[in-house]
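Inspection log for the structure reproduced underneath, given as structure tokens.
Bear in mind that the values in this text are calculations on the coordinates, not laboratory data. If you're wondering where the values come from, they're calculated on a predicted model, not measured in any experiment. Cβ sites come from the backbone with ideal geometry, for glycine too, and all protein chains shown count toward neighbours.
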Amino acid sequence: MTFFYLKALHIIFVVTWFAGLFYIPRLFIYFTEAADQPEPARQILQSQFAIMQRRLWYGITWPSALITLALGLSTWYNYGATPPWLVVKLAFVGSLYAYHLACHVLFRQQQRGELRYTSTQLRIWNEVATLLLFSIVFLVVLKDVLSLAWGMLGLVLFMGLLLAGIWVYKRLRER
């Protein structure tokens with residue numbers, strides 16, 4: 001019974017972690033776009049977005065990432081095996097933690113007022129978590145590496161649609 005409680009809690013914290021990973025790039029985008037505003041609006045907006053970033057990052061996203069890791073390792077230990085699909089899942093999860101750390105770098109830059117990326121680049125970056133979520137969920141549900149290959153093909157097509165959507169959105173905003 002412990003296994004199922006651990007698994008349920010693991011899923012809950014994965015959801016809260018992803019909530020943070022989905023929202024923090026949006027705050028990066030808003031912070032970046034606020035730089036185009038005249039003073040005093042620029043200062044007011046960027047100060048508010050910096051506060052929102054800190055609260056989200058340290059209050060929700062980091063704690064959720066760490067609790068997800070602890071519960072994931074506990075669930076894996078209680079599962080008692082490491083089938084091939086789980087190895088692939090762990091590779092995607094490793095990529096997700098790398099994405100999280102890369103977001104932390106962006107967070108620290110923006111907290112210092114450094115803007116190294118355009119809002120369009122950040123919109124593309126925002127979709128990385130979506131692609132990883134799709135990969136991980138399909139793999140966990142299907143538990144089949146061959147199905148994953150077909151899923152990855154679908155993911156590449158999905159990524160193309162996302163990039164096309166970002167391009168169209170950018171063109172509409174420029175009008």
Computed magnitude of the charge dipole of the chain (debye, nearest 20; Cβ of K, R +1, Cβ of D, E -1): 160
Prolate/oblate/rounded label for the range 33-96 (Cα gyration tensor, a/c 1.5): oblate
Cα gyration tensor shape for the range 99-175, rounded if a/c is under 1.5, else prolate or oblate: oblate
Overall Cα dimensions of the range 60-125, principal axis frame, Å, largest first: 47, 22, 13
The chain: angle of helix 84-111 to the longest principal axis, Cα-based, in degrees nearest 10: 20
Angle between the chain longest axis and helix 41-56 axis [Cα atoms, degrees, rounded to 10]: 20
Cα gyration tensor category, rounded, prolate or oblate, for the range 2-174 with a/c compared to 1.5: oblate
Residues Thr16, Thr32, sorted so that the one with the fewest Cβ neighbours within 10 Å comes first: Thr16, Thr32
